[in-house]
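The values are calculated or read from the model by the stated rules, or taken from the named source; none is laboratory data. What you see is a predicted model, and the numbers here were worked out from it, not measured in a lab. Using ideal geometry, Cβ is built from the backbone for each residue, glycine included, and neighbour counts are taken over all protein chains shown.
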Amino acid sequence: MPESKLSTFVIDCQTDDIEAAATFWSRALGRAVRAPQAGDDHYRDLVSGPSEPILLVQKVAHEGRIHLDIESDDVGAEVARLEALGAERVESVRTWVVMRAPTGQRFCVVRRQRAASEPAALPQTPHHARLMALAGSYSGEISTYLDPASAPDRSSGELHVTRLFGGRWLRLEQSGTVLGKPHAGEMLLGFHGDAAQFESCWVDSFHTGSAMMFSTGAARADGVIAVTGSYAAGPERWGWRTELYLGEELLVRAVNISPAGEESLGIEARWTRLSAR
């Protein structure tokens, strides 16, 4: 299966003055215009960060619109995959293919755009391989136990898991609600080969305030990925263990640990994979 992802937002401008168009979008979006390559009179790149989609202003003959590019390490295979999903090939242009979605929008399948900046893949241990297999998009239900003696607060949510830097770490981005209010959290998770342990850093918009929670845990024989950290609760520090159960669904449990060592379930989320990354 080809390795493919969102690459570029292309701002198509029906204009004879690409410089004026690029200047407008540069000022509108607060992004500088990169110096063009010699003889390139149809395209202008706006500055974007390495983890952001590329922003490209393009001079076209058709009416103005915005389309996206999907980059792939195998353009032909990605085009075939999208055709199987119902997309239609419109035309081939140089090294890319213009396609039409079943819903009518046009988009392009292009070669890798940032290959030179991508780090080399990390030689994977079995632990890294298990982590990387989690990459993808999920939906599910989150149960938050604000009071162990009461029923949990339940909400639907989304989870997006992305490989970072050649498979060194995972980024887990979660969104949902708690008590009817929007809630989001993010974890960096990896396996530290030299220390022979899983390590994570967690931040969110509800539980952690302005603190980062750092957690570690040795590999377990039962295959569960578990890391434990702590957080301040007044003058005391409480433990917090996060457990990932890998199966047909991804089950994530977080357990509160009192200073006396008593454990109670804090969060349980059941995630169903929608797509792989």
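Side notes on the structure shown:
This table checks each residue for (1) modelled with pLDDT under 90; (2) touching a Leu at 6+ places or on another chain (Cβ under 6 Å); (3) on the phi < 0 side of the Ramachandran plot.
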{"site": "Ala135", "(1), (2), (3)": "yes, no, yes"}
{"site": "Ile142", "(1), (2), (3)": "no, no, yes"}
{"site": "Tyr145", "(1), (2), (3)": "no, yes, yes"}
{"site": "Gly157", "(1), (2), (3)": "yes, no, yes"}
{"site": "Gln174", "(1), (2), (3)": "no, yes, yes"}
{"site": "Phe198", "(1), (2), (3)": "no, no, yes"}
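- Within region 133-154, being of a type in the set (S, T, N, Q), buried (at least 16 other Cβ atoms within 10 Å of the Cβ) and over 19 Å from Thr242 (Cα atoms) holds for one residue alone: Ser137.
- Evaluation of Ser264 against (1) touching a residue at least 24 places away in the same chain (Cβ under 8 Å); (2) farther than 24 Å from Thr162 by Cβ; (3) surrounded by 15 or more Cβ atoms within 10 Å (Cβ to Cβ) (one fails), failing number: (3)
- Hits in region 247-277 - residues which are β-branched (Val, Ile, Thr) and under 22 Å from Trp169 (Cβ atoms): Val252, Ile267
- Val10 being within 21 Å of Gln113 (Cα to Cα), touching a Lys or Arg at 6+ places or on another chain (Cβ under 6 Å) and surrounded by 13 or more Cβ atoms within 10 Å (Cβ to Cβ): no
- Subset of region 124-154 [in a loop (DSSP other than H, G, I, E, B) and of a type in the set (D, E, K, R)]: Asp147
- Out of Arg237, Arg241, one residue alone is in contact with a Phe, Trp or Tyr (Cβ under 8 Å, 6 or more places away or on another chain) and in the same structural domain as Ala151 (by TED's automatic domain parsing). It is Arg237.
- Residue in region 17-28 that is under 24 Å from the mean Cα position of the chain (by Cα) and of a type in the set (A, V, I, L, M, F, W, C) present: no
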